[in-house]
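S.K.: Below is a structure I'd like to ask you about.
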Amino acid sequence: MKNIISFLILFSVIINAQTIKNTPDLFSPGSIKSFADYLFCQHDYLRAIEEYKRYLGDARSDTVEFKIGEAYAKMGYYSEAAKTYSDIQSQSSIGKYARLNYLKSLFQTNDFKLYRSSFNKLNLTEDTTYYREALSLYNFSFLLSAKDLPGEDLFLKPFTGSDREKLSEFYKYKSGLPHKSPVAAAIFSAIIPGAGKFYTEDYADGVVAFIATAALSYIAYTDFRADHKFRAWLFTGLAAGFYAGNIYGSAASAQLFNVKIDFDFVQNLKSYLEKVNYFVPIINFCR
């Protein structure tokens with residue numbers, strides 16, 4: 001009986017030892033990287049970054065560095081993403097693509113002056129990998145900034161096919177944005193109350209301004225004729241207030257119109273950029 005018990009104990013020890021031997025080390029660099037990859041593909045980018053950095057404490061990998069940059073960019077931390085991409089050696093297998101994503105992240109910070117400066121410092125040439133994509137963002141940045149546009153042929157140079165057609169439309173629209181003049185709106189309303197609002201396509205307010213000013217002026221006029229001086233001067237003051245307010249409101253309406261035009265244009269540009277992934281090819285790490 002004792003021999004049987006001893007045999008079972010020995011057998012159990014051997015089985016447990018074999019199980020422990022076959023169990024992967026959860027804290028090995030390979031396991032940490034596998035877990036980080038899982039988090040990355042589950043869009044848990046913050047924890048993925050933490051695990052990738054743990055992995056880099058024991059190993060060196062430009063691809064892992066790149067994934068950290070991707071994770072930062074996915075979370076909207078574009079400055080951190082740009083810094084991470086910039087640390088990757090351009091000679092590595094993913095180096096040229098990292099440089100392009102570095103420029104993309106700079107672009108996404110909306111500091112277009114910095115983007116153009118950084119682009120120029122790289123001294124890229126036409127035979128450089130991803131030169132056309134980087135130049136596309138460089139030229140596109142002029143659409144999103146207040147600077148004058150370059151010539152149309154120069155602007156459209158990096159674009160081809162449907163991209164060229166779409167960018168030509170954006171270029172022409174940017175060249176002649178349908179802004180309204182606040183001064184013109186004020187003058188129109190000074191001549192005919194509400195006319196400035198019609199000019200800025202704020203038709204409802206234009207009608208209200210015209211009717212209110214005209215009605216108050218008419219009441220004041222009839223009160224003067226009826227020798228009701230107090231009421232006449234009261235309505236004269238109200239009419240003058242509406243008249244002045246209508247002039248100021250027309251100028252403000254023109255400014256708001258222009259803000260909306262600019263905002264809608266920028267939103268259309270950004271939607272297009274998202275659609276084409278900022279002209280940057282996509283690497284799918286989660287197949």
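S.K.: Can you give me the number of residues within segment 139-171 that are closer than 23 Å to residue 114 by Cβ and in contact (Cβ under 8 Å) with a residue 40 or more places away in the chain?
M.R.: 4
S.K.: Taking the residues in segment 160-199 that are of a type in the set (S, T, N, Q) and under 17 Å from residue 262 (Cα atoms) as candidates, determine which candidate is modelled with the lowest pLDDT. Before the answer, list the steps.
M.R.: Step one: list which residues in segment 160-199 are of a type in the set (S, T, N, Q), which gives 160, 162, 168, 175, 181, 189.
Add one more test, that the residue is under 17 Å from residue 262 (Cα atoms), and what stays is 175, 181.
Numbers: 175: 91, 181: 94.
Filtering first and then ranking leaves 175.
S.K.: Now a separate question. Tell me whether segment 226-237 contains one or more residues that are surrounded by fewer than 17 Cβ atoms within 10 Å (Cβ to Cβ), in a helix (DSSP H, G or I), at pLDDT 90 or above and charged (D, E, K, R).
M.R.: Within segment 226-237, none of the residues are surrounded by fewer than 17 Cβ atoms within 10 Å (Cβ to Cβ), in a helix (DSSP H, G or I), at pLDDT 90 or above and charged (D, E, K, R).
S.K.: Pick from segment 134-160 the residues that are among the small types (Gly, Ala, Ser) and assigned to a loop (DSSP other than H, G, I, E, B): which of them is farthest from the chain's Cα centre (by Cα)?
M.R.: In the first step, residues of segment 134-160 are kept if they are among the small types (Gly, Ala, Ser); the result is 134, 136, 141, 145-146, 151.
Applying the additional criterion that residues be assigned to a loop (DSSP other than H, G, I, E, B) yields 145-146, 151.
Working: 145: 13, 146: 16, 151: 25 Å.
If we take residues in segment 134-160 being among the small types (Gly, Ala, Ser) and assigned to a loop (DSSP other than H, G, I, E, B), then 151 is farthest from the chain's Cα centre (by Cα).
S.K.: A further question follows. Does residue 189 satisfy the condition of being under 25 Å from residue 280 (Cβ atoms), surrounded by 14 or more Cβ atoms within 10 Å (Cβ to Cβ) and small (Gly, Ala, Ser)? Before you say what the answer is, go through the steps one by one.
M.R.: Values: under 25 Å from residue 280 (Cβ atoms): no; surrounded by 14 or more Cβ atoms within 10 Å (Cβ to Cβ): yes; small (Gly, Ala, Ser): yes.
Taking the combined requirement at face value, the residue does not satisfy it.
S.K.: Is at least one residue of segment 125-148 within 23 Å of residue 267 (Cα to Cα) and in contact with a His (Cβ under 9 Å, 6 or more places away or on another chain)? Give the derivation first.
M.R.: We begin by selecting, within segment 125-148, every residue within 23 Å of residue 267 (Cα to Cα); these are 133-148.
From the residues that got through so far, the ones that are in contact with a His (Cβ under 9 Å, 6 or more places away or on another chain) too are none.
So far as segment 125-148 goes, no, none of its residues is within 23 Å of residue 267 (Cα to Cα) and in contact with a His (Cβ under 9 Å, 6 or more places away or on another chain).
S.K.: Continuing with this model, one more query. Please determine, by comparing only the residues of segment 174-188 that are out of contact with any helix residue (DSSP H, G or I) (no Cβ under 7 Å at 6 or more places or on another chain) and in a helix (DSSP H, G or I), which one is nearest to residue 270 (Cα to Cα).
M.R.: Checked segment 174-188; the qualifying residue nearest to residue 270 (Cα to Cα) is 175.
S.K.: Among the residues of segment 30-55, what is the count of those that are free of Cβ contacts under 8 Å to residues at least 60 places away in the same chain and surrounded by fewer than 17 Cβ atoms within 10 Å (Cβ to Cβ)? Let's see the steps before the verdict.
M.R.: As a first pass, look at segment 30-55 and keep what is free of Cβ contacts under 8 Å to residues at least 60 places away in the same chain: 30-36, 38-39, 42-55.
Going one step further and asking which of them are surrounded by fewer than 17 Cβ atoms within 10 Å (Cβ to Cβ), we end up with 30-31, 34, 38, 42-44, 46-47, 50, 53-54.
Here the count works out to 12.
S.K.: Does segment 153-183 hold any residues that are surrounded by 11 or more Cβ atoms within 10 Å (Cβ to Cβ), closer than 19 Å to residue 279 by Cβ and of a type in the set (S, T, N, Q), and which are they?
M.R.: If the condition is that a residue be surrounded by 11 or more Cβ atoms within 10 Å (Cβ to Cβ), closer than 19 Å to residue 279 by Cβ and of a type in the set (S, T, N, Q), then 160, 168 are the ones that fit.
S.K.: Do the conditions hold for residue 58, that is, is it in contact (Cβ under 8 Å) with a residue 12 or more places away in the chain and assigned to a loop (DSSP other than H, G, I, E, B)?
M.R.: Numbers: in contact (Cβ under 8 Å) with a residue 12 or more places away in the chain: yes; assigned to a loop (DSSP other than H, G, I, E, B): yes.
Considered against the rule, which asks whether it is in contact (Cβ under 8 Å) with a residue 12 or more places away in the chain and assigned to a loop (DSSP other than H, G, I, E, B), residue 58 comes out as yes.
S.K.: Then there's this: How many residues are more than 23 Å from residue 187 (Cα to Cα) and either in contact (Cβ under 8 Å) with a residue 40 or more places away in the chain or not in a helix (DSSP H, G or I) (or both) if we restrict to segment 238-267?
M.R.: Let us first name the residues in segment 238-267 that are more than 23 Å from residue 187 (Cα to Cα), namely 262-267.
From the residues that got through so far, the ones that are either in contact (Cβ under 8 Å) with a residue 40 or more places away in the chain or not in a helix (DSSP H, G or I) (or both) too are 262, 265-266.
So the answer is 3.
S.K.: OK, next. Against the definition (in a helix (DSSP H, G or I), acidic (Asp, Glu), out of contact with any helix residue (DSSP H, G or I) (no Cβ under 7 Å at 6 or more places or on another chain) and closer than 21 Å to residue 267 by Cα), how does residue 163 come out, yes or no? Walk me through it before giving the result.
M.R.: Numbers: in a helix (DSSP H, G or I): yes; acidic (Asp, Glu): yes; out of contact with any helix residue (DSSP H, G or I) (no Cβ under 7 Å at 6 or more places or on another chain): yes; closer than 21 Å to residue 267 by Cα: yes.
Answer is yes for this residue.
S.K.: Just to be sure I understand, how many residues within segment 204-215 are more than 13 Å from residue 246 (Cα to Cα) and either of a type in the set (Phe, Trp, Tyr) or surrounded by 18 or more Cβ atoms within 10 Å (Cβ to Cβ) (or both)?
M.R.: 0
The values are calculated or read from the model by the stated rules, or taken from the named source; none is laboratory data. Here the structure is a predicted model, which means the values were calculated and not measured. Every residue, glycine as well, gets a Cβ built from its backbone with ideal geometry; the counts of neighbours run over all protein chains shown.
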